[in-house]
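Student: Have a look at this one.
The values are calculated or read from the model by the stated rules, or taken from the named source; none is laboratory data. From a predicted model like this one, the values you see are computed outputs, not experimental measurements. Reconstructed Cβ throughout: ideal geometry from the backbone, glycine too, with neighbour counts over all protein chains shown. Surface areas here come from the heavy atoms of the whole protein model, side chains and all, with no ligands, DNA or RNA. Shrake-Rupley method; radii C 1.70, N 1.55, O 1.52, S 1.80 Å.
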Amino acid sequence: MRVLVVEDERLLADAIAEGLRRESLAVDIAYDGDAALERIGVNDYDVVVLDRDLPTVHGDDVCRAVVESGVTARVLMLTAASHVRDRVDGLGLGADDYLGKPFAFAELVARVRALGRRARPAAPPVLARAGVRLDPARREVQRDQRPVALSRKEFGVLEELLRADGAVVSAEHLLEKVWDENIDPFTNVVRVTMMTLRRKLGEPALIETVPGSGYRLK
């Protein structure tokens, strides 16, 4: 899942992003409305965590732009305002959810994950195929009931392969969904991550390379 955090309080934005990355999410950051609109225009986000009171372009206008663009990204609006009228106004702009500051980080994670599920075709809460079982909420992976310890990126790659349900997943898609905007598009990080993931999943091999197209789970 790829998330954009839009927050002008840099320490808060960085803390939210780091916390979400620990949950195996790919996260970009924008510190103002202009930067947010630029990133939304070029990247495919599942969720936008959006502060309402932003400089340069107000959060309300960013939310309108997301809704009017027709992208599938879901918007979780953050604000220090706690009045019911403010929440109603935010949802009326097209935001999918609303969270007042201060908030519990565990609740933020739960809401981001819930919105991410709504941004994609429906999938079961636990993904399973060919003896592999992945639980996104608990960050647990098993193969044939054997626990498999994965890094955050390996977990993200496996989740995308399972979600594809046997369809081919391109390296470009994996870079888009599992890594953030700072990744070099010409890097071999996908190939290296795939090698370690295959090794950890063990034999017989489950991940097939489709030359010129990408990867799929048998």
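Student: Can you give me the angle between helix 33-42 and the longest principal axis of the chain, using Cα atoms only, in degrees from 0 to 90, rounded to the nearest 10?
Tutor: Between the helix axis and the principal axis of the chain, the angle is about 30 degrees.
Student: So what's the net charge close to ARG111: Lys and Arg +1, Asp and Glu -1, counting the other residues with Cβ under 13 Å from its Cβ?
Tutor: Local charge sum for ARG111: -1.
Student: If I ignore ligands, DNA and RNA and count only protein heavy atoms, how much of THR56 is accessible to a 1.4 Å probe, in Å² to the nearest 10?
Tutor: For THR56, solvent-accessible area is about 100 Å².
Student: List the relative contact order of the chain as a percent without decimals, with contacts defined as Cα pairs under 8 Å and 6+ residues apart.
Tutor: It rounds to 17 percent for the chain.
Student: Gap in Å between the Cα centre of the range 22-51 and the Cα centre of the range 185-217?
Tutor: 27 Å
Student: GLU203: net charge of surrounding residues, Cβ under 15 Å, Lys/Arg +1, Asp/Glu -1, itself excluded?
Tutor: Numbers: positive: ARG143, ARG146, ARG198, ARG199, LYS200, LYS218; negative: ASP144, GLU208.
Residues near GLU203 contribute +4 overall.
Student: Shifting gears a bit: Tell me, what is a quarter of the convex hull surface for the C-alpha atoms of the range 25-72, in nm² with one decimal?
Tutor: Quarter of the Cα hull surface area: 3.1 nm².
Student: Along the positive direction of the dipole of the chain (beta-carbon charges: Lys, Arg +1; Asp, Glu -1; about the Cα centre), which of VAL192, ALA17, GLY166 reaches farthest?
Tutor: GLY166
Student: Then there's this: Add +1 for every Lys or Arg and -1 for every Asp or Glu among the other residues with Cβ under 10 Å from the Cβ of ASP44, and state the total.
Tutor: Local net charge: 0.
Student: In addition: Just to confirm the filter: which trypsin sites (Lys or Arg not before Pro) across the range 17-87 are DSSP coil and have at most 14 other Cβ within 10 angstrom of their Cβ? Write out the running numbers ahead of the final one.
Tutor: On the way: sites: ARG21, ARG22, ARG39, ARG52, ARG64, ARG74, ARG85, ARG87; in loops: ARG22, ARG52.
Passing both the DSSP loop test and the Cβ count: ARG22.
Student: On to the next question. Based on DSSP H runs of at least 4 residues, each adding -39500 (n - 2.57), what is the mean residue ellipticity at 222 nm of the chain after dividing by all its residues, to the nearest 500 deg cm²/dmol?
Tutor: -13000 deg cm²/dmol
Student: May I ask which residue of GLY41, GLY202, ALA65 lies farthest towards the positive end of the charge dipole of the chain, with charges of +1 (Lys, Arg) and -1 (Asp, Glu) on Cβ and the Cα centre as origin?
Tutor: Farthest towards the positive end: GLY202.
Student: At a probe size of 1.4 Å, how large is the accessible area of LYS218, to the nearest 10 Å²?
Tutor: 110 Å²
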